[in-house]
1. Restricting to segment 298-344, name every residue that is part of a loop (DSSP other than H, G, I, E, B), open to solvent by less than 30 Å² (accessible area, probe 1.4 Å) and either modelled with pLDDT of 85 or more or among the aromatic types (Phe, Trp, Tyr) (or both).
2. Filter the strands (runs of 3 or more DSSP E) completely within segment 440-517 down to those with at least 3 residues that are touching a strand residue (DSSP E or B) at 6+ places or on another chain (Cβ under 6 Å) and either charged (D, E, K, R) or closer than 20 Å to Leu545 by Cβ (or both).
3. Can you tell me which residue in segment 354-391 is nearest to the chain's Cα centre (by Cα), limited to those that are modelled with pLDDT of 80 or more and of a type in the set (A, V, I, L, M)?
4. Would you tally the residues in segment 391-405 being of a type outside the set (A, V, I, L, M, F, W, C) and more than 9 Å from Pro369 (Cβ to Cβ)?
5. Considering only segment 276-286, state which residues are in a loop (DSSP other than H, G, I, E, B) and touching an Asp or Glu at 6+ places or on another chain (Cβ under 8 Å).
6. For Glu289, indicate whether it is assigned to a helix (DSSP H, G or I) and surrounded by fewer than 11 Cβ atoms within 10 Å (Cβ to Cβ).
7. Across segment 214-269, which residue is modelled with the lowest pLDDT among those that are of a type in the set (Val, Ile, Thr) and out of contact with any Phe, Trp or Tyr (no Cβ under 8 Å at 6 or more places or on another chain)?
Amino acid sequence: MSFAGIILVTLVVTSLVLSWLFNSFYFYTKEKELVSQGEEIAGLFSASLGEQANRETINFLTARSLRTQQDTRIMIVGREVLDSSLNPGPGLHPLPLEPADGQKLLQGRAITWQRQIPRSNQTILTAAVPFTYREQVAGAILLSTPVADIRATVSAVQRLILYSAGVAILLALIPAYCLSRSISRPIKQMSALTLEMARGNFRQHIPVTSQDEIGRLAENFNQLGVELEQTINKLSREKTQNENILSNLAEGVIATDLAGKTTLLNPAAEYLLGLEQKKALDQDLASFEGCQPLGALFKKVMETGEQGSLEFTLSGGKIILSARVAPLRGRDQVIYGAVGVIKDITEAKKLEQLRRDFIADVSHEIRTPLTSIQGFTEALLDEVTIDRTVQAEYLKVIHEESLRLGRLINELLDLARLESGKISWDLNPIHIPDLFAGVLLKLKPQLEEKNLRIEQKIPRDAPILPANEERIEQVLINLLQNAIRFSPPGGVIKMQASFSGEEVTISFTDQGPGIPEEDLPHIWERFYRVEKSRSRALGGTGLGLAIVKQIVEIHGGKVLVSSREGIGSTFSFTLPLAPA
């Protein structure tokens, strides 16, 4: 349609211009012809006036000059008529001449004009040529001819041009349609391809059917699709990789913009800060409970442009977090946000505190027997008393404290070796009833001293247990001693062994004071005592349960404890029946 419109406008303009040119040329030619005829007649007329010819001679000359002009009328007017066009008087009927036209004729210049006759609705073309007598303008020759035939000829020419334009348009539409189709088809294909690219489909290609600009554009578009697919795939892989890294990081990662609104929050940060990603994104970080110190750190880092770190607590001090925040800069080094890494250091703080407590406990445990040994030794050296009975008591205390110090050092060394994981044991087939009998025989004096009774529950068909007999016996002795230590005199201790699937569970149940629920998670830690003063008075070092836990876990088992205050406690452990 665009091509057809262009052709139509071009032909219409061309037709109008040609019509105007033809009309102008035709009228110009006719005017020149009338003026030429008029000049010829004026010349003959002037010559005849000089010879004083009669009117018949003038008519003859005029008729001879106009013999080929059948529709042309001639009129001869004198000078008085020309003068009357300038100053018309009463009773005179001047010609339809403008004063300027009359002036031109009086100056000897020919003029032409067109006039519409209302009665016949006909246009008359008139040419006025002055003639002279005795070197003065004596009058004018007026030649008039209708122009109807001229206009008919012009209209015919215009119709011919319009018909030609119509045929040209019809003939031009066919190649224009083909040309437009050849241009629009690949463009439509490119448009459809861009929509597919927007949907993520980059595998479609435009067929290249020509080597012109459209063909080169199609080639470039196909190349663009290939490179865009490669770029998108690369970015997608990098995005997936970054998302996987962020999702699987144990540390929390959080990012904000300059306004302090959260733009990134990985799952670890959600868990550590107790936030939900849907609610936290595009929100002010400092507006969430417990995150005010973190929000202030982000703001400070963005203001100063320097990295910062912070330790803060959540949930009433139960969770300790460490944050390190750095500014985000663009290529122009302008800060547009900040990113921070958050780490849970609660366990690290606990371990640090445990190390301090361990050093303090070891120092205290070692200092107590050393103080006793030093005191009694100094008393003996100073000979405060010479009573042998007293000396024997002092020596007995020194001996007991040295044994206690030796046990503490041995247990510390034993626990250190177990925790290092650098020990290897030989596994032997162990018959559990025989193992129980041996442990009871060794601790029989302690049981009799407190008048404790042992209740055993062991299946008759107990399978053989593959383990290191010496270490498992150490576990049983530690647990039984622990039960004896806290059981009231005359009480009952239950020793049980049960089998389920591929593991055995051995448990010791006492009737002691029990363990508070808040102490149960720490009962297997080194030097941990529920009642420190009472435990120390009962002779415990606080390392027995820690050693039990290490031995059982090295064998591939696990330790368990359950307790109710005022009723008693049950310590148990599991071991696999197959080699660990």
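1. Step one: list which residues in segment 298-344 are part of a loop (DSSP other than H, G, I, E, B), which gives 305-307, 315-318, 330-334.
When the remaining residues are screened for being open to solvent by less than 30 Å² (accessible area, probe 1.4 Å), the result is 305, 330.
Correct list: Gly305 only.
2. Values: elements: 453-457, 465-467, 492-500, 503-509.
Here the list reads 453-457, 492-500, 503-509.
3. Among those that are modelled with pLDDT of 80 or more and of a type in the set (A, V, I, L, M), it is Leu370.
4. First, pick out the residues of segment 391-405 that are of a type outside the set (A, V, I, L, M, F, W, C): 391, 393-394, 396, 399-402, 404.
If we keep only those that are more than 9 Å from Pro369 (Cβ to Cβ) too, we end up with 391, 393-394, 396, 399.
Of the residues in segment 391-405, 5 are of a type outside the set (A, V, I, L, M, F, W, C) and more than 9 Å from Pro369 (Cβ to Cβ).
5. Filtering segment 276-286 for residues in a loop (DSSP other than H, G, I, E, B) gives 276, 282-283.
Matches in segment 276-286: Glu276 only.
6. For Glu289, the condition - assigned to a helix (DSSP H, G or I) and surrounded by fewer than 11 Cβ atoms within 10 Å (Cβ to Cβ) - is not met.
7. The initial filter retains those residues of segment 214-269 that are of a type in the set (Val, Ile, Thr), namely 214, 226, 231-232, 240, 245, 253-254, 256, 262-263.
From the residues that got through so far, the ones that are out of contact with any Phe, Trp or Tyr (no Cβ under 8 Å at 6 or more places or on another chain) too are 214, 231, 240, 245, 253-254, 262-263.
On the way: Ile214: 75, Thr231: 85, Thr240: 85, Ile245: 84, Val253: 88, Ile254: 88, Thr262: 88, Thr263: 86.
Of everything passing the filter in segment 214-269, Ile214 is modelled with the lowest pLDDT.
Condition check ((1) assigned to a strand (DSSP E or B); (2) of a type in the set (Lys, Arg); (3) touching a residue at least 40 places away in the same chain (Cβ under 8 Å)) across all residues:
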{"residue": "Pro130", "(1), (2), (3)": "yes, no, yes"}
{"residue": "Gly139", "(1), (2), (3)": "yes, no, yes"}
{"residue": "Arg159", "(1), (2), (3)": "no, yes, no"}
{"residue": "Leu162", "(1), (2), (3)": "no, no, yes"}
{"residue": "Ala172", "(1), (2), (3)": "no, no, yes"}
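The values are calculated or read from the model by the stated rules, or taken from the named source; none is laboratory data. Small disclaimer: the values here were computed from a predicted structure and weren't measured. As a convention, Cβ positions derive from the backbone with ideal geometry for all residues, glycine included, and neighbour counts pool all protein chains shown. Heavy atoms of the whole protein, side chains included, go into the accessibility calculation; ligands, DNA and RNA do not. Shrake-Rupley method; radii C 1.70, N 1.55, O 1.52, S 1.80 Å.
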